[in-house]
Amino acid sequence: MVRAPPPLLLGLALALGLLGVLVLALPGLPLPPGGSPAALLGLGGALLLGLLRALLPRAARPVDGKAVLITGCDKGFGHALAKQLHAQGFTVFAGCLLMGENGDGTRELESMKSDRMKVLQLNVCSDQEVAQAVEFVKNNLKEPEKGLWGLVNNAGVSAFGEVEFTSIDKYKEVADVNLWGTVRMTKAFLPLVRRAKGRVVNITSMLGRMASPSRSSYCISKFGVAAFSDCLRQEMYRWGVRVILIEPSNFVAATGILTRESIEAQAEELWRGASKTVREDYGKPYFTRQITLMKTFINSGLKDMSLVLNDITDALTSKYPYTRYNPMEAHWRVRLHIMTHLPTALADWLYIY
């Protein structure tokens, strides 16, 4: 399979590279704050390399006999991915937080009544449930000596709130699922994945590469997963295991990870937990405007999850998977490259001030 590069990004890459060349040739040409010819050339080059990479031929490994464990299959990406991978012939171990009468997603997966769809109770914050999941997978693999082909760390939570409104407990709560849950699952299942020379696929976010106001608790957890994945990738080369990051943009409308009700509940918690000084300094009108902005956020972004699902599938099936996948719209891709490659002062000037 060959992916065509988006024309907008190709044009932007060439334009930035050309601008860098012009600036080198015309030293008097003004630049935005923090800009430099090297930065413009570097950004243009990075974009161009990324686009050229998309033109490389793709090849898929056979799926027959391969098994994958996915966390967070109650809804969203995990639920849809479990069904997609099953349809492609994988044996799927679908980890769900809510089993029983409160688990609508669980019941739907169980109703498939397939010997290749195995649903299990799995709270990634629980050492006991993770250990039980390891035994469940070992006991249900057709050929346990060949190991587990894929681990998809998808389970996650979202949160918002400016730093002075966010409690330490909230930081810990978000990190416990998004970061430590990923670490806990990976350490538990890595021996099986190593045996198969398989894949560890970690779902992070574009906010694991670039920061955003009011999202510090979420960003910290996702930046942490990215750092963990980078270290693990380097350690796993000798074992033949590929460690891959999926960094989606805004799919809130598609996944329901944030709802109007959850935003209102979090807002009440943020205001109630803030000190008197913080409430007085920021003021209720400002706080209300920020909450209103978050409510508009839940209806924004992409409603079709196929970009993410197809990238995860490619990460699990391709002979030559990418290290990072960025399922996102063109404008978010441009912003991601600007925020991560341009000087910080210039990037903030463009997007934050």
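The values are calculated or read from the model by the stated rules, or taken from the named source; none is laboratory data. Note that the coordinates shown come from a computational prediction; the quantities given were computed from them, not determined experimentally. So basically every Cβ, Gly included, is an ideal-geometry build from the backbone, and we count neighbours across all protein chains shown. In case anyone asks, the SASA skips ligands and DNA or RNA and just uses the protein heavy atoms, side chains included. Shrake-Rupley method; radii C 1.70, N 1.55, O 1.52, S 1.80 Å.
Quick notes on this structure:
- Extreme residue, most open to solvent (accessible area, probe 1.4 Å), among residues of region 240-262 that are farther than 20 Å from His79 by Cα and modelled with pLDDT of 95 or more: Arg242
- Residue in region 266-280 that is out of contact with any His (no Cβ under 6 Å at 6 or more places or on another chain), assigned to a loop (DSSP other than H, G, I, E, B) and of a type outside the set (A, V, I, L, M, F, W, C) present: yes
- Against the test of being in contact with a strand residue (DSSP E or B) (Cβ under 6 Å, 6 or more places away or on another chain) and part of a loop (DSSP other than H, G, I, E, B), the options Pro321, Pro327 yield a single qualifying residue, Pro321.
- Test result for Arg194, basic (Lys, Arg), touching a Phe, Trp or Tyr at 6+ places or on another chain (Cβ under 6 Å) and open to solvent by 10 Å² or more (accessible area, probe 1.4 Å): yes
- If the condition is being within 17 Å of Lys66 (Cα to Cα), of a type in the set (A, V, I, L, M, F, W, C) and open to solvent by 40 Å² or more (accessible area, probe 1.4 Å), then region 296-329 contributes no residue at all.
- Checked against (1) loosely packed, with under 15 Cβ neighbours inside 10 Å; (2) in contact with a helix residue (DSSP H, G or I) (Cβ under 8 Å, 6 or more places away or on another chain), Val174 passes all but condition (1).
- Residue in region 91-110 that is open to solvent by less than 40 Å² (accessible area, probe 1.4 Å), part of a strand (DSSP E or B) and small (Gly, Ala, Ser) present: yes
- Inter-residue pairs, beta-carbon under 9 Å, first open to solvent by 100 Å² or more (accessible area, probe 1.4 Å) and in region 134-147, second in a loop (DSSP other than H, G, I, E, B) and not basic (Lys, Arg), 6+ apart: Lys142/Gly65; Lys146/Gly65
- Across region 207-239, the qualifying residues are those that are in a loop (DSSP other than H, G, I, E, B) and out of contact with any Asp or Glu (no Cβ under 8 Å at 6 or more places or on another chain), and the one among them that is most open to solvent (accessible area, probe 1.4 Å) is Ala211.
- Residues located in region 271-308, provided they are on the phi > 0 side of the Ramachandran plot and touching a residue at least 12 places away in the same chain (Cβ under 8 Å): Gly301
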